[in-house]
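*Asks:* Once you've had a glance at the structure underneath, I'll fire off some questions.
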Amino acid sequence: MGFAQAVQWWEAWQLRVLVLSSLFLQFFLFVAAIARKRRPPPWFRFLTWAAYLGSDALAVYALATLFNRHNDRHEEPVAPSAGLEVLWAPLILLHLGGQDGITAYSIQDNELWRRHFVIAASQIGIAVYVFCRSGWSGDGRLLRAAILLFVPGAIKCLEKPLALKKATATSIVNASDLLMVDAIEDEDNGGENGAAPERMDSLEAFVQAARQCVNEEAEGKNPLYFDVETNSHPYQLFVDLAHPYCIRLKNLQAMAAKKTGREDAHGRVRAAVSRAFDRFYTKHKASYGGLLRAVVVLLTFVVIGLFQERRRSRYARADVVVTSVLLCCTAALELVSASVVLCSGLPEPDDSVAQYNLIGCLARSKKKKHRRLRCLSRLLGFGHQLDWIGNTERRHRPSCRITKLVHDHVASGWTGYRDSGDDGKVAAADAGVSKGVETVNDYRQFNDCRGQRTLKREGLFPATAGGGKAIGESLSMPFDESVLVWHLATEFCYFDHVDAGGEATRYSRVISNYMAYLLFVSPGMLVPGARRKLFQAVYVELREMLKEKPWESEDEDDEEKVGKKMKKKKPRAMDEIARTIIQKVRDPPTRPCACPRAHRASADLVRKAWDLAHNLMEFAKKKVDEPEVGNGDNSKGKKIEPVDQAKKGDDWMWEVIQGVWVEMLCFSAGRCRGYLHAKSLSNGGEYLTYVWLLLSYMGMETMAERMQRTMELPAEGDPGALVRTSALDDDEEEEGKPTVTAPTGDSEAVTE
């Protein structure tokens, strides 16, 4: 086929190829909408992004081609295929409306709703023009079929920009105020489902009420509120707006319920994440969506019946086949889509915990194929993306148990130290150590803890109280450095110390690897100002340690004695690499370091990590030597086996490490902006969002409160209170400047 013949073929088949390609992209987007909640691989996300952008462009191109064909025929006789082609116009409008499960690909798409509205309006106008310019030759059935499809097609085409508008920050703020009106009125009226506390106009009042609520739930008394459901609208948290104190108390009671709070916490938070995803990225939260889907499905099957009754011999066979495929496939797609909207909905979001291990990254970099790919990717400028894809573990860890650890940590903040075990009993060693949050200062100190509370409970913080110097320094450095130091220290303790293999060991490493993952992949979510380069600098430092030969730290006269060591194979397994690094930092070279300052800084972090691990292991040994409190069997001559003693020390050490990591996880979650949490949902979400929502539901400090702290002055007012315009008559508004009153108990109005 020559070039001229190819051009001629394309002119004849152009519109058919475009509409069929548009149909194929809609099927792919439907599958992608279901899979994107389950943390799909990067290559699938790229295809989804390309299909999301290409589907709109392809639909617009198809309508433009249809417009040009009918615009060129105004002086020519109407072709028989014109009637069928006009039937394709409303189908293309349905495609332009997109799939219900993928209205927006990223959070930024919601702010482009005006552009989508203009595109939708212009394409509807083109479809109307095609209707007017086409000649129907008395074919009334096809005319009725096209009109039946055009109405829902135009509505669905306009539905997409409206759904995008509802997901913008401005719309969520306005909608949140309307949703909270009932909650404020319920608080004013004393509560519908139980006795509500007095109006809370300050953080101090909320802290006292929250502490009373948790204590009553823990003691099995009558709850403050009778309902045990959390607020089902978490959207305003994603725009950094706090719930009113009354809603926060109800959420706290539901999460602190003695029988169901701890066990149902993960499911409730996961449901909230799913609802937030539906609001930001789908049409599933549209109140009219189900009715429109049902109408579209019904009309599509009606059009299929009208088309089948029509005499089709007058049309080209290719056009008849294309029309049949378009109608049947569109009907099937709309039917399945309507079933998802009206019945089951999209699947629950992925709640696994991503993993990124620094030692494991070193082990993978030793492989030749990885080195070659890394060199090629760096030449092309994709080195960071390859490191992210290649070194992030594909097997993510389940997070339900970690959610329970976070729940226990926050609950112990309200009630005092409690054992983190499944039985929920108060630990004997911890009884009476802390009375929990009682004042605003206690409340803020608890929200600012990033390991100090666990170490203080065990007598390891501050250093003057019995803890080592390295332990205190590890919490006083910047948070990103602290995460790296504790991540390496956790690995050093795991590979160098006798491991009991308990749950604390497992989940300590899971949280440690997840925090390292956040630092490397999403440093902005870890903490504002976190430095990814810090992670890379430590990685380079560890890699240089593995390259150093053992004889480089010895005298030059002894080089011949160790010359045969050059032929030894480099370590590849994680345990061998970890032990090699431990040997390097345990026995550093005696020569002064002449390396650059940046290199020395990363080397200092590795050294501090070993000092921290060494302190923890030494205190574990001291814990073994401590006598049992209240154990009368020992006085009768019962001998404790050395293995049991070592296990006791290991269990204590890993409980401490686990407690520190849980506090660091909460510290990071409380300092991440709601916008970043919403943004991460487009790629499957981060487990940090689960922790963030759980902290909010359990009454912890929000980002807005933290940014508006008054250090010396009392925190007055409710930061989540509704701000509304006061008017004596709803039908009449006073001319001039409006008067705005905040429902915080003040009788004075603020006049602008």
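Bear in mind these aren't lab numbers, they're just calculated from the coordinates by the rules spelled out. Everything quoted here is computed from the prediction, not taken from an experiment. We place every Cβ from the backbone using ideal geometry, glycine too, and count neighbours over all the protein chains shown.
*Asks:* If each of A57 and I147 carries a label point 7 Å out from its Cα toward its Cβ, how far apart are those two points in nm?
*Replies:* It is 3.7 nm.
*Asks:* Oh, and also: Using a basic spin-label model with each label point 7 Å from the Cα along Cα→Cβ, how many nm lie between C328 and L342?
*Replies:* Calculated label separation equals 2.3 nm.
*Asks:* Then there's this: Starting from the amide H of S202, placed 1.01 Å from N in the peptide plane, find each other amide H under 5 Å away whose residue is 5 or more places distant or on another chain.
*Replies:* Long-range HN contacts for S202: G717.
*Asks:* To the nearest 0.05, how large is the calculated FRET efficiency for L291 and K456 if R₀ is 60 Å and r is the Cβ-Cβ distance?
*Replies:* Rounded to the nearest 0.05, the efficiency is 0.55.
*Asks:* Multiplying the sequence separation of R706 and S476 by 0.36 nm and subtracting their Cα-Cα distance, what value in nm do you get?
*Replies:* Result: 80.8 nm gained on full extension.
*Asks:* Can I ask one more? Tell me the net charge near V19. Cut-off is 14 Å between Cβ atoms, V19 excluded, with +1 for each Lys or Arg and -1 for each Asp or Glu.
*Replies:* The answer is 0.
*Asks:* Determine, from the Cβ-Cβ distance of Q212 and R38 and an R0 of 60 Å, the FRET efficiency 1/(1 + (r/R0)^6), rounded to the nearest 0.05.
*Replies:* In this case the efficiency is close to 0.90.
*Asks:* Oh, and also: Summing Lys, Arg as +1 and Asp, Glu as -1, what charge do residues with Cβ under 12 Å from the Cβ of V662 carry, V662 excluded?
*Replies:* That sum, taken over residues with Cβ under 12 Å, equals +1.
*Asks:* I would also like to ask the following. Sorting check: for 120-131, 661-672, which peptide has the highest mean count of neighbouring beta carbons within 10 Å, and how do the rest follow?
*Replies:* Ranked from most to least packed, the peptides come out as 661-672, 120-131.
*Asks:* I'd like the distance separating the alpha-carbon centroids of the stretch 233-254 and the stretch 665-686, in whole Å.
*Replies:* 16 Å
*Asks:* By how many nm would the segment from Y129 to E219 grow when fully extended, if each residue of separation counts as 0.36 nm and the alpha-carbon distance is taken off?
*Replies:* 25.2 nm
*Asks:* I would also like to ask the following. Please report the net charge: other residues with Cβ closer than 12 Å to the Cβ of R673, K and R +1, D and E -1.
*Replies:* Local charge sum for R673: +2.
*Asks:* Return the sequence-ordered ³J(HN,Hα) values of the stretch 605-613 in whole Hz as given by the Karplus equation 6.51 cos²θ - 1.76 cosθ + 1.60 applied to θ = phi - 60°, using x for Gly and Pro.
*Replies:* Taking θ as phi minus 60°, the curve returns 5, 5, 5, 5, 5, 5, 4, 5, 4 Hz for the stretch 605-613.
*Asks:* Assuming 0.36 nm per residue, please report the length gained on full extension of the stretch R314 to L47 beyond their Cα-Cα distance.
*Replies:* In short, 92.1 nm is gained.
*Asks:* Continuing with the same structure: Using the number of other C-beta atoms within 10 angstrom as an exposure proxy, rank K679, K456, K621, K156 with the fewest first.
*Replies:* The fewest-first ordering by Cβ neighbours comes to K621, K456, K679, K156.
*Asks:* Also, quick follow-up: At 7 Å along Cα-to-Cβ for each site, give me the label-to-label distance between D604 and Q8 in nm.
*Replies:* Label at D604, label at Q8, 7.8 nm between them.
*Asks:* Still on this structure: Rounded to the nearest Å, what's the spacing between the alpha carbon centres of the stretch 332-360 and the stretch 1-68? Just the number, please.
*Replies:* Each part's Cα centre sits 23 Å from the other's.
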